[in-house]
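See below for the structure under consideration.
Rule-based calculations on the coordinates, nothing more; no lab input. Note that the structure is a prediction, hence the values are computed from the model and not measured. Here the Cβ is made from the backbone with ideal geometry for all residues, glycine too, and neighbour counts use every protein chain on show.
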Amino acid sequence: MKVMETGEENQTRIVKDFVNRLFNSVQIHNPNEWEFQQAVKEVLDSLIPVLEKNPLYINQAVLERMIEPERMITFRVPWVDDKGNVKVNRGYRVQFSSAIGPYKGGLRFHPSVNASIIKFLGFEQIFKNSLTGQPIGGGKGGSDFDPKGKSDLEIMRFCQSFMTELSRHIGPDVDVPAGDIGVGAKEIGYMFGQYKKIKGAYEAGVLTGKGIGYGGSLGRKEATGYGTVYFVEEMLKDQGLGFKDSTVVVSGSGNVSIYAMEKAIQFGAKVVACSDSSGYIYDQNGINLDTVKQLKEVKNARISEYIKEHQDAIYQEGCSGIWTIPCDIALPCATQNELSQEAATMLVSNGVKAVGEGANMPSTQEAVNTFIAHNVLFAPAKAANAGGVAVSALEMAQNSSRLAWTLEEVDMKLQGIMKDIYSKSMKASKDYDAPGNLVVGANIAGFLKVAEAMIDQGII
C-alpha cells in the first residue's frame with residue numbers, strides 16, 4: 001500500500017529536487033572547477049530548510065543569481081625579470097556580489113591559482129563578509145605568479161603590471177582588494193603606489209592591508225589568527241571548555257597560523273606543532289613562537305630550521321602527518337582541502353575536542369562530516385576566519401573618516417565581531433533545526449542578509 005506524502009514532506013522533496021537541479025547546472029556551466037563546486041554544494045545543502053520556509057527565494061531565483069558572479073575578469077600580466085626576460089602570468093578578479101556593499105576580498109599570488117580557486121574563494125566571501133555585519137560584498141582575485149624566489153624588484157614590477165590592469169575595475173566604493181596567500185604589506189604597497197600614479201589621486205580606501213604609515217590599520221596582520229581563536233573560544237565556552245591547559249596543533253606558519261598560535265598561547269594553551277609546505281615540526285615542550293616568527297617573518301626560512309635551535313623538537317617531511325599528533329584542539333590554517341577524511345578520523349581517534357578553520361575551506365567535505373558525526377565541535381572557515389576581512393572593513397572605516405584607531409580599539413571591535421558571528425551562526429542553526437551545527441548556521445545567517453538585500457533591490 002502506497003504511503004501518501006504529507007504537505008511538509010512534499011515541500012521538502014520539491015526543494016531537494018530544486019537544489020539537485022541547480023547543482024547539476026553549476027557542474028555543467030563550471031566544468032572541472034572542483035573547488036568552486038565543493039563550496040556551492042556545501043552552501044546549497046545547508047539552505048534546504050531555509051528554502052522550505054521561504055519559497056520566495058526560489059521564485060526570485062536568488063540562488064541562481066548569487067551563484068553566478070556579477071563579473072569575472074581575467075587578464076594578462078606581462079613583466080620583466082632581473083635578467084631582462086619577459087614573463088607572462090594570468091590575473092583574475094571575481095566580483096561576486098555587491099548586494100550589501102562594495103566587493104571585498106583578498107588577492108592571492110600562488111602557482112595554484114586558477115579560475116576555480118578564485119571563484120570558490122569569492123563565493124565564500126559573500127557569506128563571510130555578510131556575517132561580519134560590515135557593509136561589504138563578496139569578491140576575490142589573484143594570479144598564478146609565485147613570489148617565492150623572486151627579488152623585490154621582480155615582485156615590484158609584477159605588482160605594478162598587475163595593478164595597471166586591475167585599477168580599471170576597483171575603487172573605494174566599487175571593489176576593495178586586500179592581501180591573501182603570497183600578498184603581504186610589501187605587495188600591497190607596490191600595488192597602492194601604482195594605483196595612485198595611474199589615478200592621480202590618494203584614495204587610501206582602495207586597498208586594505210596597507211602599511212601603518214599610509215592608511216593601514218593596527219591589528220590587521222594579527223586579525224585572522226586572533227579572530228579564529230576568539231571564535232573557537234566562544235564555541236568552547238558554550239560547552240564549559242576553553243583553550244586554557246589544552247594541547248593545540250596548528251597547520252601552516254604564515255600570518256594566520258602565527259597569530260592563531262600567539263593568541264592560543266595567551267589563552268593558556270600549549271601549541272605543540274606547526275608546518276609549512278615542506279613539512280611540520282613537533283615540539284612536546286610547546287612551540288617557541290619567537291623562533292617561528294624569526295624564521296618566517298625575518299629570515300623567510302623553512303620551518304625545518306626550527307630544530308637547529310630546539311634540540312627536543314622533531315621535523316618530519318610532508319604536511320599531512322601533522323594531524324597524527326594527538327591534540328585537544330586542531331586549527332588548520334594553511335590552505336584549502338589540507339585536512340582529509342583520513343586525517344579527520346585520526347584526529348577523532350586521538351580525542352580531538354574542537355576544530356577551528358583558520359584557512360579557507362581547509363577541511364574536505366568528508367572530513368567535516370566525520371567531525372560532525374563524532375560530535376567534535378567544528379568552527380567553519382566562513383565564520384571562524386572572518387576576522388581578517390572584518391578588520392579590513394575597519395581599515396576602510398578609518399580611511400573614510402581619516403582617523404587611526406589604537407590597537408586596543410581595533411582588537412576590542414574584533415572580539416565583538418567574532419562573538420557576534422558565533423551568536424548569529426548558533427541562533428540560525430537552532431532556528432532551522434540543526435542546533436549546534438555551525439556549518440549550517442553560518443551559511444544560513446550569511447545568506448539571509450544578502451538574499452533580503454537582493455530582493456529589496458529588484459532583479460539586477
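Observations
- From least to most packed, judged by other beta carbons within 10 angstrom and beginning with the fewest, Leu414, Leu331 follow the order Leu414, Leu331.
- Of all DSSP beta bridges in the chain, antiparallel share, percent nearest 5: 50 percent
- Within a straight-line Cα-Cα reach of under 18 Å, Lys87 can be paired with the following lysines, leaving aside sequence neighbours fewer than 8 residues apart in one chain: Lys148, Lys150.
- Converting phi to 3J(HN,Hα) with the Karplus coefficients 6.51, -1.76 and 1.60 and the offset θ = phi - 60°, region 43-54 yields 5, 4, 4, 5, 8, 3, x, 5, 5, 5, 7, 10 Hz in sequence order, with x at every glycine or proline.
- Structure-based [θ]222 nm, the chain - -39500 (n - 2.57) summed over DSSP H runs of at least 4, per residue, nearest 500: -15000 deg cm²/dmol
- Cβ-based net charge around Lys53, under 11 Å, with every Lys or Arg adding one and every Asp or Glu removing one: -4
- Bins of 5 Å, starting at 0 and running to the largest distance - Cα pair percent for region 7-67: 4, 18, 31, 25, 13, 7, 2, 0
- Per-residue 3J(HN,Hα) values for region 337-348, derived from phi via the Karplus relation 6.51 cos²θ - 1.76 cosθ + 1.60 with θ = phi - 60°, read 6, 7, 10, 8, 4, 4, 5, 4, 4, 5, 4, 4 Hz in sequence order (x marks Gly and Pro).
- Cross-link reach list, aspartates and glutamates versus Lys83, counting only Cα pairs under 19 Å and skipping chain neighbours closer than eight places: Asp146, Asp152, Glu154
- Calculated on the Cα set of region 222-379, radius of gyration then Dmax: 14.1, 42 Å.
- Above-threshold pairs, the threshold being 18 Å between Cα atoms, out of Lys119/Lys419; Lys119/Lys140; Lys16/Lys119: Lys119/Lys419; Lys16/Lys119
- Prolate/oblate/rounded label for the chain (Cα gyration tensor, a/c 1.5): oblate
- The trypsin sites (Lys or Arg not before Pro) of region 188-262 meeting both criteria, a DSSP state outside H, G, I, E and B (loop) and at most 15 other C-beta atoms within 10 angstrom of the site's C-beta, are Lys244.
- Summing charges over all other residues whose Cβ lies under 13 Å from the Cβ of Thr247, with Lys and Arg as +1 and Asp and Glu as -1, gives 0.
- For region 222-379: lysine pairs under 16 Å (alpha-carbon distance), excluding those fewer than 8 apart on one chain: 10
- For Lys270, neighbours were defined as the other residues whose beta-carbon sits under 12 Å from its Cβ, and their charges (Lys and Arg +1, Asp and Glu -1) total -2.
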